[in-house]
Amino acid sequence: MNQTNQQILHYASIFLQSRGYNGFSYKDISQKLGIKNAAIHNYYPKKEDLVAALLEDSRKKITANFAQVVESGGTAREQLQSYFDYTLKEFDEGKCICPPGSIILDFEELPEKVQKQGLLLLDEILVWISTVLKTGLEQGEFNFSGSVDERAELVVGILIGTRQLSSIKGRKTLVTSIYLIKSDLGWKD
């Protein structure tokens, strides 16, 4: 991937995660890069191509990150903490909305390829968190009732919503929500 393409994806990610799908255009990206809109169209003929590629890239990166976390051999709590740390890092970088959350508002109106990549990304996150929660339950690191999959959906749902709320109320809201998620999971430090 060449440098221009990487920069296009970089700024598209920032705009998508701070403004949502309909909150930015190729003009926003071209102004940041000092290039013409046509240059972006050479890489991504339509906005849906750009956002689908961005979501696919996000999925590949997070999948690699999850694999690295698992390979590190950490406990379930350490693994889940790495996800919380990642969430806080993205928020601190100005990405107030997570990639799956950035397309939720307009989901039904989005092009099919964007919907598909968004769902694949969301499913990847849910499966990984479910696996971590199951391991944590089996090893006595967590203590909660109900199904692991439902709890994973709750964790992800809280983080998606809290990231948006935190964009207005500040980082402390996100930190507090992570603390409450831990408490709900029976996580005792």
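The values are calculated or read from the model by the stated rules, or taken from the named source; none is laboratory data. Remember, predicted model here, so these are calculated numbers, not experimental data. For neighbour counting, all protein chains shown are included, and Cβ atoms are generated from backbone atoms with ideal geometry for every residue, glycine included.
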Inset, instruction - Working only within the stretch 33-63, note down all residues that are of a type in the set (D, E, K, R), over 14 Å from the mean Cα position of the chain (by Cα) and surrounded by 15 or more Cβ atoms within 10 Å (Cβ to Cβ). - result: LYS47, GLU48, ASP49
Legend entry - Qualifying positions in the stretch 174-188 - assigned to a helix (DSSP H, G or I) and surrounded by 17 or more Cβ atoms within 10 Å (Cβ to Cβ): LEU174, SER177, ILE178, ILE181, LYS182
Legend entry - Tabulated pairs, the stretch 20-32, first loosely packed, with under 13 Cβ neighbours inside 10 Å, second not in a loop (DSSP other than H, G, I, E, B), C-beta under 7 angstrom, 6+ apart or interchain: LYS27/ASN37
Inset, instruction - Test each condition in (1) surrounded by fewer than 21 Cβ atoms within 10 Å (Cβ to Cβ); (2) over 13 Å from the mean Cα position of the chain (by Cα); (3) closer than 30 Å to PRO45 by Cα for LEU120 and report the one that comes out false. - result: (2)
Legend entry - Entirely in the stretch 1-104, the helices (runs of 4 or more DSSP H) that have 1 or more residues that are closer than 30 Å to TRP187 by Cβ: 3-19, 47-71, 76-92
Legend entry - Residues of the stretch 33-60 satisfying the condition of being small (Gly, Ala, Ser) and either farther than 19 Å from VAL114 by Cα or without any contact (Cβ under 8 Å) to a residue 24 or more places away in the chain (or both): GLY34, ALA38, ALA39
Legend entry - Checking ILE29 against (1) under 25 Å from ILE97 (Cα atoms); (2) modelled with pLDDT under 95, the condition it does not meet: (2)
Inset, instruction - Name every residue in the stretch 144-173 that is assigned to a loop (DSSP other than H, G, I, E, B) and under 18 Å from PHE84 (Cβ atoms), in order of residue number. - result: PHE144, GLY170
Inset, instruction - Scan GLY186, GLY157, GLY161 and give me the residue that is of a type outside the set (Asp, Glu) and at positive phi. - result: GLY186
